[in-house]
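Below: the structure, in structure tokens.
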Amino acid sequence: MTTLWSFLLVLSLLILVHELGHFLVARSLGIRVLKFSLGFGPRVWGVVRGGTDYCVSAFPLGGFVKMLGEQPGETISPEDVRHSFSHRPVLQRGAVVAAGPAFNLLFAWFIFFIIFLAYGNPILLPDIGEVQPGSSAAEAGIMPGDRITAIGGIPVQAWEEVSGRIREGSGDTLELTLKRGEETLTVTVTPRVNTVKNIFGEDVDVPVIGVTAAGHLKVERLGPVAAVGQAFSRTWELISLTAQGFAKIIERVVPLSTLGGPIMIAQMAGQQAEQGALNLFYFMALLSINLGLLNLLPIPVLDGGHLVLFVLEGLLGRPLTLRQMAAAQQIGILILGALMLFVFYNDIMRVLGFGSPAGAP
């Protein structure tokens, strides 16, 4: 039951935010929105205000907006031309289309802002959990329970700073200041370059000293201004990682078997909901970023494909013909259809316990 309601909450809200972006920008530009629906399918209930049908539809998975003149070849009366989407300058149409993905990215920022403001910023402390036998840290006398307070005389307050300083050193000998109980001591340690897997599963050479974090957290309370900046930083970090992930999939560094569809999203949403509201909102923010960037891919039918067509229209100085637009849409539908079949296949194989059906590259 948790899986079902969390899936409906996450997916419906993210699609709704996406469509709200299209709606608000279209209305602000004077483009007539004929329908703004919560859900898909038959209309269940609604009201008409200002020429827009605000309604609830039968299937509660997201929503959609329908604009006047949105469909190619749609007949528009002379008095309604100024309210038609298709008769607007290409920059205005581009702004309406780009607003959907932009709202998904802004929504992720908003979620992080609320989390940082209400909960705070969790910081992994620079406390040593384990020391690998025979490592350079063990040879230097570093022990589990030690806290690293400075590297090269520069104070550190988080584990992220420790790992960053070690990697930036490129294997050079480092001076570490440790706190062991009430005692403060200084040791020198020379990192060794090891081959490890990065977040995308690639082999990379990095300098390490052979320690792991103890996992101790400190929650840093943030004011509104600091929460705004931290939310932007976290959102940009995840945007960058997600974009790199898309590129790695295209390069076949990340196997196609890792792709998932609605079943995988539902399972992950349920798992995060069971771990608490905070985990669910983190997952929602990450999924919102994925949805925003996915829609910017230059595939016809997606928002990114429409933006590419608008760019071509601007370069040509004229709209594409109905035949060209229909051909582009057919190509986009074929690509999306094939992708949906593939991710459903992956989902079903995972449910049946067959692991990664597509295999590694």
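Scanning the range 82-92 for residues that are closer than 20 Å to L307 by Cα and not polar (S, T, N, Q), which turns out farthest from the chain's Cα centre (by Cα)? Going through the qualifying residues, I end up with H87. Checking each residue in the range 202-228 for being of a type in the set (D, E) and more than 24 Å from R147 (Cβ to Cβ) picks out E202, D203, D205.
The C-beta contact set for the range 200-213 (first residue of a type in the set (D, E, K, R), second residue surrounded by 12 or more Cβ atoms within 10 Å (Cβ to Cβ) and assigned to a strand (DSSP E or B), distance under 9 angstrom, 6+ apart or interchain) comprises D205/N194.
Is it true that some residue in the range 48-69 is within 20 Å of G100 (Cα to Cα), in a loop (DSSP other than H, G, I, E, B) and of a type outside the set (A, V, I, L, M, F, W, C)? Yes, there is a match, as at least one residue in the range 48-69 is within 20 Å of G100 (Cα to Cα), in a loop (DSSP other than H, G, I, E, B) and of a type outside the set (A, V, I, L, M, F, W, C). Assessment of the range 146-155 against the conditions (in contact with a Phe, Trp or Tyr (Cβ under 9 Å, 6 or more places away or on another chain) and either within 30 Å of L106 (Cα to Cα) or at pLDDT 90 or above (or both)) yields at least one matching residue.
Reported count of residues in the range 142-156, each being part of a loop (DSSP other than H, G, I, E, B) and under 12 Å from T177 (Cα atoms), is 5.
Against the condition touching an Asp or Glu at 6+ places or on another chain (Cβ under 8 Å), hydrophobic (A, V, I, L, M, F, W, C) and in a helix (DSSP H, G or I), how does A98 come out, does it pass? For A98, the condition - touching an Asp or Glu at 6+ places or on another chain (Cβ under 8 Å), hydrophobic (A, V, I, L, M, F, W, C) and in a helix (DSSP H, G or I) - is met.
Looking only at the range 111-129, filter to residues that are in a helix (DSSP H, G or I) and not aromatic (F, W, Y); which one of those is surrounded by the fewest Cβ atoms within 10 Å (Cβ to Cβ)? In this case the residue turns out to be A118. Looking only at residues in the range 66-81 that are over 35 Å from the mean Cα position of the chain (by Cα) and surrounded by 13 or more Cβ atoms within 10 Å (Cβ to Cβ), the one that is nearest to Q330 (Cα to Cα) is I76. For the range 171-198, the set of residues classified as polar (S, T, N, Q) and either part of a strand (DSSP E or B) or under 31 Å from the mean Cα position of the chain (by Cα) (or both) consists of T177, T184, T186, T188, N194, T195, N198, listed by residue number. Residue count for the range 6-46, restricted to those that are farther than 23 Å from H83 by Cβ, surrounded by fewer than 18 Cβ atoms within 10 Å (Cβ to Cβ) and not assigned by TED's automatic domain parsing to the domain that holds S86: 5.
Tell me whether the range 70-84 contains one or more residues that are touching a helix residue (DSSP H, G or I) at 6+ places or on another chain (Cβ under 8 Å) and modelled with pLDDT under 95. The answer is yes, given that some residue of the range 70-84 is touching a helix residue (DSSP H, G or I) at 6+ places or on another chain (Cβ under 8 Å) and modelled with pLDDT under 95.
Considering the range 132-180, the residues that are in contact with a helix residue (DSSP H, G or I) (Cβ under 8 Å, 6 or more places away or on another chain) and among the β-branched types (V, I, T) include one that is nearest to G215 (Cα to Cα), namely I148.
Quick one: is G201 in a loop (DSSP other than H, G, I, E, B), surrounded by 13 or more Cβ atoms within 10 Å (Cβ to Cβ) and over 28 Å from the mean Cα position of the chain (by Cα)? Answer is no for this residue. Residues in the range 206-221 that are surrounded by 12 or more Cβ atoms within 10 Å (Cβ to Cβ) and of a type in the set (D, E, K, R) were compared, and the one that is farthest from P191 (Cα to Cα) is E220.
The residues in the range 242-285 that are of a type in the set (V, I, T), farther than 29 Å from P122 by Cα and at pLDDT 75 or above can be counted, and the count is 2.
The values are calculated or read from the model by the stated rules, or taken from the named source; none is laboratory data. All figures in this text were calculated on a predicted structure; none of them were measured in a lab. Backbone-built Cβ (ideal geometry, glycine too); neighbour counts: all protein chains shown.
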